[in-house]
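**Q** Got a structure here, written out as structure tokens. Questions coming.
The values are calculated or read from the model by the stated rules, or taken from the named source; none is laboratory data. None of the values given here were measured: they were computed from a predicted structure. Methodologically, a virtual Cβ is constructed for each residue, glycine included, from the backbone with ideal geometry; neighbour enumeration extends over all protein chains shown. Side chains included, ligands, DNA and RNA excluded: accessible areas come from the protein's heavy atoms. Shrake-Rupley method; radii C 1.70, N 1.55, O 1.52, S 1.80 Å.
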Amino acid sequence: MRRHNTFKVVCFFLEMDNYLQLVERIASSAKLEKSDVERRVEAKRAKLSGLVSKEGAAQIVASELGINFEKERMKVSELVQGMRKAHVVGKVISIQPVRTYVRQGKEGKVANLVLADDSANTKVVLWDTNHIKLIEDGSIISGKVVEIANGMVRNGEIHLSGFSDIKLSGEKMEEV
């Protein structure tokens with residue numbers, strides 16, 4: 001039981017850190033004080049009867065302020081839980097072997113890699129067969145720099161579906 005509670009505390013602090021990063025980005029983009037953004041977020045949560053997380057409310061506030069992070073390239077350390085259109089560039093540090101699985105009687109594949117830039121690293125989970133094929137045919141290997149668009153951030157990982165894109169980048173990254 002104690003271990004489970006420690007995990008919950010760590011998750012709480014990670015969520016708060018993500019929320020504070022998001023508030024900072026909104027305040028900077030909107031040229032507002034962080035306290036003003038936080039007041040707007042709390043007002044939005046109250047209006048929605050607390051049915052939305054702080055991060056969700058912050059993203060709604062950003063949208064209402066005309067701030068769109070969808071096409072903005074971010075550092076790995078700036079990614080926030082719940083983002084649906086994350087755009088990052090990083091160096092592939094490692095690739096796990098492609099695995100097959102069976103769900104609801106259908107076979108599928110999944111691949112994982114670790115992506116890093118000069119700010120942090122993160123796990124990337126590839127679900128789309130076209131993306132996985134890039135690993136299987138050797139197009140994406142450790143040491144290559146890739147660009148990811150429209151990734152979804154879940155549990156501290158970037159998940160790529162058929163709506164996402166991953167491609168080799170022409171950028172050079174020495175220090176990660």
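**Q** Considering each residue of the stretch 109-121, count those that are more than 14 Å from VAL145 (Cβ to Cβ) and either in contact with a strand residue (DSSP E or B) (Cβ under 6 Å, 6 or more places away or on another chain) or free of Cβ contacts under 8 Å to residues at least 40 places away in the same chain (or both), and give that number. Write out each step before concluding.
**A** Step one: list which residues in the stretch 109-121 are more than 14 Å from VAL145 (Cβ to Cβ), which gives 109-112, 119-120.
Keeping just the survivors that are either in contact with a strand residue (DSSP E or B) (Cβ under 6 Å, 6 or more places away or on another chain) or free of Cβ contacts under 8 Å to residues at least 40 places away in the same chain (or both) gives 109-112.
Residues flagged as more than 14 Å from VAL145 (Cβ to Cβ) and either in contact with a strand residue (DSSP E or B) (Cβ under 6 Å, 6 or more places away or on another chain) or free of Cβ contacts under 8 Å to residues at least 40 places away in the same chain (or both) within the stretch 109-121 amount to 4.
**Q** Moving on. Name every residue in the stretch 122-139 that is touching a Lys or Arg at 6+ places or on another chain (Cβ under 9 Å) and aliphatic (A, V, I, L, M), in order of residue number.
**A** Hits for the stretch 122-139 are VAL125, LEU126, ILE132, LEU134.
**Q** Within the stretch 128-135, is there a residue that is over 22 Å from LYS172 (Cβ atoms) and surrounded by fewer than 13 Cβ atoms within 10 Å (Cβ to Cβ)?
**A** Yes - at least one qualifying residue is present in the stretch 128-135.
**Q** Name the strands (runs of 3 or more DSSP E) wholly inside the stretch 104-176 in which the number of residues that are among the small types (Gly, Ala, Ser) is 1 or more.
**A** 106-116, 145-154
**Q** Which numbered condition in (1) open to solvent by 40 Å² or more (accessible area, probe 1.4 Å); (2) touching a residue at least 24 places away in the same chain (Cβ under 8 Å); (3) within 18 Å of SER164 (Cβ to Cβ); (4) within 18 Å of the chain's Cα centre (by Cα) is the only one that ARG73 fails?
**A** Exception for ARG73: condition (2).
**Q** Step by step: first the residues of the stretch 87-105, then only those that are of a type in the set (A, V, I, L, M) and in contact with a helix residue (DSSP H, G or I) (Cβ under 7 Å, 6 or more places away or on another chain), then the one that is surrounded by the most Cβ atoms within 10 Å (Cβ to Cβ). Which residue is that?
**A** VAL88
**Q** Here's a follow-up. Which of the residues belonging to the stretch 153-176 are within 18 Å of LYS109 (Cβ to Cβ) and open to solvent by less than 60 Å² (accessible area, probe 1.4 Å)?
**A** Those that are within 18 Å of LYS109 (Cβ to Cβ) and open to solvent by less than 60 Å² (accessible area, probe 1.4 Å): GLU157, ILE158, HIS159, LEU160, SER161, GLY162, SER164, ILE166.
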